[in-house]
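Participant: Below you will find the structure I want to go over with you.
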Amino acid sequence: MPEVILSEIEFNSSILELRHRILHPGGPESRVLYETDKLKSAIHLIVEDKQSKEVLACGSLLPEDDDGRICTDKNRIRGMAVALSAQGQGFGNNILDKMIELTKENGIGYTWCNAREAVLPFYEKRGFKVVGNVFDVPGSGPHFKMIKIY
């Protein structure tokens, strides 16, 4: 396993590229560029190979309410992606754990995300609960809304 660094960075092309490659390969890059990405209050985390500087994983914590509107009392997790070569090494766990820590530190009591069915256990292990029924995201497939209240 490579020696890695978990960092908070400003949104940049390395995040966009990894999101695109993992979350919507073959689709337009615009599908993984979110309106709130460049807000000052947006938090972008990466796991980077210390030697090569390759971004191996990323995730964003965005100030959005359940309807996608900008707010100050809720966070939305978006763009969680781990490079294929780095999956299964705990990098997604590192990012999600840091997001939970930052949410608590900032006094925010509610975090939510839309999760693909395959990753429900990943979020459930950290206390996220499914709310509502499965829904389809065109080009991405079935998703579930998940929330965590602190």
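Participant: Take the alpha-carbon centre of the stretch 1-74, take the same for the stretch 110-150, and report the distance between them in whole Å.
Facilitator: Here the answer is 18 Å between Cα centres.
Participant: A further question on this structure: Can you work out the Karplus-derived ³J(HN,Hα) for every residue in the stretch 5-18? Use 6.51 cos²θ - 1.76 cosθ + 1.60 with θ = phi - 60°, whole Hz, and x for glycine or proline.
Facilitator: 10, 9, 9, 9, 9, 6, 4, 8, 5, 5, 5, 4, 5, 5
Participant: Rounded to the nearest 0.05, what FRET efficiency is calculated for E124 and M1 with R0 set to 22 Å and r the Cβ-Cβ distance?
Facilitator: Plugging the Cβ-Cβ distance into 1/(1 + (r/R0)^6) gives 0.30.
Participant: In what sequence, highest mean first, do 125-134, 62-71 appear when ranked by Cβ atoms within 10 angstrom?
Facilitator: 62-71, 125-134
Participant: OK, next. Given q = 0.08 Å⁻¹, what are the Debye log10 I(q)/I(0) values for the chain, with equal point scatterers placed on the Cα positions and solvent ignored?
Facilitator: -0.20
Participant: Return Y110, Y150 ranked ascending by Cβ neighbour count within 10 Å, so the fewest neighbours appear first.
Facilitator: On the way: Y110 16, Y150 11.
By the 10 Å Cβ count, ascending: Y150, Y110.
Participant: Here's another thing I want to ask about it. Using amide H atoms built 1.01 Å from N in the peptide plane, name the residues 5+ places from V4, or on other chains, whose amide H lies under 5 Å from its own.
Facilitator: K50
Participant: Measuring from label point to label point, each 7 Å out along Cα→Cβ, what is the E117 to T72 span in nm?
Facilitator: 4.1
Participant: Show the residues, 5+ positions off or on another chain, whose built amide H is closer than 5 Å to the amide H of Y110.
Facilitator: N75, Y150
Participant: Which number gives the lysine pairs in the chain that have C-alpha atoms under 23 Å apart and are eight or more places apart or on different chains?
Facilitator: Count of close lysine pairs: 27.
Participant: Another question about this same structure. Charges at C-beta only: +1 for Lys and Arg, -1 for Asp and Glu. How large is the resulting dipole of the stretch 4-107 about its Cα centre, in Debye rounded to 20?
Facilitator: Once rounded to the nearest 20, the dipole reads 160 debye.
Participant: Return L96, L6 ranked ascending by Cβ neighbour count within 10 Å, so the fewest neighbours appear first.
Facilitator: Values: L96 23, L6 14.
Ordered from fewest to most neighbouring Cβ atoms within 10 Å, L96, L6 come out as L6, L96.
Participant: Just order 15-22, 46-53 by mean Cβ neighbour count inside 10 Å, highest at the front, would you?
Facilitator: Descending mean neighbour count gives 15-22, 46-53.
We did not get these values from a lab; they are worked out from the coordinates using the rules stated. Note that the structure is predicted; figures quoted are calculated from it, not measured. Using ideal geometry, Cβ is built from the backbone for each residue, glycine included, and neighbour counts are taken over all protein chains shown.
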